[in-house]
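Heads up: the structure comes next, in structure tokens.
The values are calculated or read from the model by the stated rules, or taken from the named source; none is laboratory data. Keep in mind it's a predicted model, so treat the numbers as computed, not measured. Positions of Cβ are generated from backbone atoms using ideal geometry, with glycine treated the same way; all protein chains shown enter the neighbour counts.
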Amino acid sequence: MGISRGMDHLTFRFELAQQLRVDSVRASNAAGSGHPTSSMSAADLMAALLDGHLRLDFDHPDDPRNDHLIFSKGHASPLLYSCLKAVGAIDDAELLSFRKFGSRLEGHPTPVLPWVDVATGSLGQGLPIGVGLALTAQRLDRLPYRVWVLLGDSEMAEGSIWEALEHAGHEQLDNLIALVDVNRLGQTGQTMHGWDLDSYAARAYAAGWRVLQIDGHDPEQIETALKDATAGDGRPVAVLAATKKGKGVGEVEDKQGFHGKALVHSDEAIRELGGIRDLRVDYAKPTGDETPHVFPVRGGGLPAFELGAEVATRKAYGEALRALGDRRGDVVALDGEVSNSTFSELFREAHPDRFFEMYIAEQQLIAAAIGMQVRSWVPFASTFAAFLTRAYDFIRMGAVSRANLRLMGSHAGVAIGEDGPSQMALEDLAAFRAVHGSTVLYPCDANQTVRLVEEMADLTGISYLRTSRGATPVIYPPGEDFPIGGSRVVRGGEDVTLVGAGVTLHQALGAAETLAREGIEARVIDLYSIKPVDVDTLRRAAAETGGVVTAEDHWPQGGLGETVLSALAGSGTPVRPLAVRTMPGSGTPAELLAQAGIDASAIATAARELLAA
């Protein structure tokens, strides 16, 4: 059935919404699974948005002037894909490939589609990432594009949503518009607040948002709200739309038990919705000739530290980041209100226009960085390593988004000392090694840190730099190369191999000195690249010495020791992994390293025992 665009405005919107519902049903039916009812509730909102409000050139998705559309309720992907068909971005055959092996139309949206900025599907992530994109528009690109985020009411219970509401209000992001599809029903029953729009409005008001409450199936109310939302008065806008799940099909409308299921009687549902249509939307495109802002740079060299000086790697990170900002206008920095500890404050002082304070909101910290890299900025985000665990789901989904992120975690391990275990990251190496395509780096001195920070700027995927609180000796001269995936043999020896990184590399060197006085020559390897790891150097050392001792300021699971064990699998080499195995308390770094059995004395003892076995 073909319908002319010549019909009156509201009739076209109604017919387009019905088409989106029909196509959502058809796509889910072809797949045998999906979320058609969650798609049907928001169809009227999306029909209105596509018809004149969303300024996005689908033929040129990389146009920097384009608006951005994020489906935070990523399970409503049938609706998104139906929208793409309505604007001519995909055809009907591709629509019906939904969820099939090899199709671009995955169960939840990912950036394999050029019109999708980020992967969604883990609820509560779209709005925080939208905050990052809106910040990018205002402070980095300095372009007038808008960021539209479609949310479901169930995800409004996520803490990350509150972080986003707070930050958007604080930053006065009036280019950010949240369309909240309040359809009352979640997966297992009614949501916490049902159709109580006032409860959602109160939270948004408290965070500094402008709120519009509407009937999400009334075309006139929707049109008025979308026009009002783009007026711009210094506040982000939340459009709270009361809707019905499964709208338009009596068998499922506003009824429990149909979440995440293709409709059993899909042919009857399509007929009830008025049949298959083939409407095309004459969508709006961005206008004007604005181009993204370019920050001037002053140039200069990288910091250099004298051999033998005592410098914390976290401080070297801050100095390296500041210098990188001097040389590259695309580098930006974000921090979680610990910039005087991570030393990202050095970047803030030098480049205030490219520094973003995200406060104690680690999910928003990572989400903002993800939003910024969508527009090809180069974000470095820093906080205490232990607190990155709060944002791990965002990091995991960042990998699904093919995001390029550079993360720095400071204050790692028992070596931080008196603050105690709540501040000691002892899981971070394992966590970041498990992220798809990640790079995990652990420098032992300031000059090595500088070089690795420089390399991180050009890495793809998610990279993580683990830094230490206390000062450590500078053992490498300035300007040396430390390739990703490499290692460094810092001391030769043929009897036993000692492997460390960061703090434990210095302990391994101390152990080698002790062993040398006993006539035992230890080879010491600085495994600064935990992932990817230098398998060749490790295997060569294993073949040429009598065994390997690893030492790490980390739990034994998933860290440096297991990295080495994996690299040496099948070699028959005896390996003695030393790691933190009991819950630490407060104490000096020396006391805690000794208690954990990862100091120079413990490493030397393990080497003797290994050789005697």
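Filtering segment 171-207 to residues that are within 24 Å of Asp67 (Cα to Cα), in contact (Cβ under 8 Å) with a residue 40 or more places away in the chain and assigned to a helix (DSSP H, G or I) leaves only Glu171.
The residues in segment 471-487 that are under 31 Å from the mean Cα position of the chain (by Cα) and within 12 Å of Leu509 (Cβ to Cβ) can be counted, and the count is 1. So is Thr514 over 36 Å from the mean Cα position of the chain (by Cα) and either at pLDDT below 95 or closer than 19 Å to Asp553 by Cα (or both) or not? In short, no. A count restricted to segment 277-312 and to residues that are within 16 Å of Phe347 (Cβ to Cβ) and under 25 Å from the mean Cα position of the chain (by Cα) stands at 1. Leu143 falls short of the stated requirement of being at pLDDT 95 or above and under 21 Å from the mean Cα position of the chain (by Cα). Restricting attention to segment 579-613, the residues that are outside any helix (DSSP H, G or I), in contact with a strand residue (DSSP E or B) (Cβ under 8 Å, 6 or more places away or on another chain) and in contact (Cβ under 8 Å) with a residue 40 or more places away in the chain add up to 1. Taking segment 341-367 as the range and being in contact with a His (Cβ under 8 Å, 6 or more places away or on another chain) and not aromatic (Phe, Trp, Tyr) as the test, the residues that pass are Ser341, Met358, Ala361, Gln364.
Every condition in (1) closer than 18 Å to Asp419 by Cα; (2) surrounded by 22 or more Cβ atoms within 10 Å (Cβ to Cβ) holds for Ala607 except the one numbered (1). Could you list all residues from segment 333-347 that are within 17 Å of Val453 (Cα to Cα), crowded, with 21+ Cβ neighbours inside 10 Å and in contact with an Asp or Glu (Cβ under 9 Å, 6 or more places away or on another chain)? Across segment 333-347, the qualifying residues are Leu334, Asp335, Ser339, Thr342, Phe343, Ser344, Leu346, Phe347.
Results for (1) more than 35 Å from the chain's Cα centre (by Cα); (2) small (Gly, Ala, Ser); (3) buried (at least 20 other Cβ atoms within 10 Å of the Cβ), shown as yes or no for each residue.
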| site | (1), (2), (3) |
| --- | --- |
| Val535 | no, no, no |
| Gly546 | yes, yes, no |
| Glu552 | no, no, yes |
| Gln557 | no, no, no |
| Gly572 | yes, yes, no |
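Could you list, in sequence order, the residues of segment 421-459 that are touching a residue at least 12 places away in the same chain (Cβ under 8 Å) and among the acidic types (Asp, Glu)? Scanning segment 421-459 gives Glu427, Asp428, Asp445, Glu454, Glu455. Remark: pairs (first residue in segment 303-329, β-branched (Val, Ile, Thr); second residue surrounded by fewer than 21 Cβ atoms within 10 Å (Cβ to Cβ); Cβ separation under 7 Å; 6+ apart in sequence or on different chains) = Val311/Ala471.
Figure legend. Inter-residue proximity from segment 370-393: first residues in the same structural domain as His351 (by TED's automatic domain parsing) and surrounded by fewer than 24 Cβ atoms within 10 Å (Cβ to Cβ), second residues among the small types (Gly, Ala, Ser) and assigned to a helix (DSSP H, G or I), beta-carbon distance below 6 Å, spacing 6+ or different chains. No pairs are indicated. Among strands (runs of 3 or more DSSP E) entirely within segment 456-555, having at least 3 residues that are over 30 Å from Ala367 (Cβ atoms) singles out 471-473, 488-491, 496-500, 522-526, 548-551. From the list Asp534, Asp553, the one residue that fits, being modelled with pLDDT of 95 or more and within 19 Å of Ser438 (Cβ to Cβ), is Asp534.
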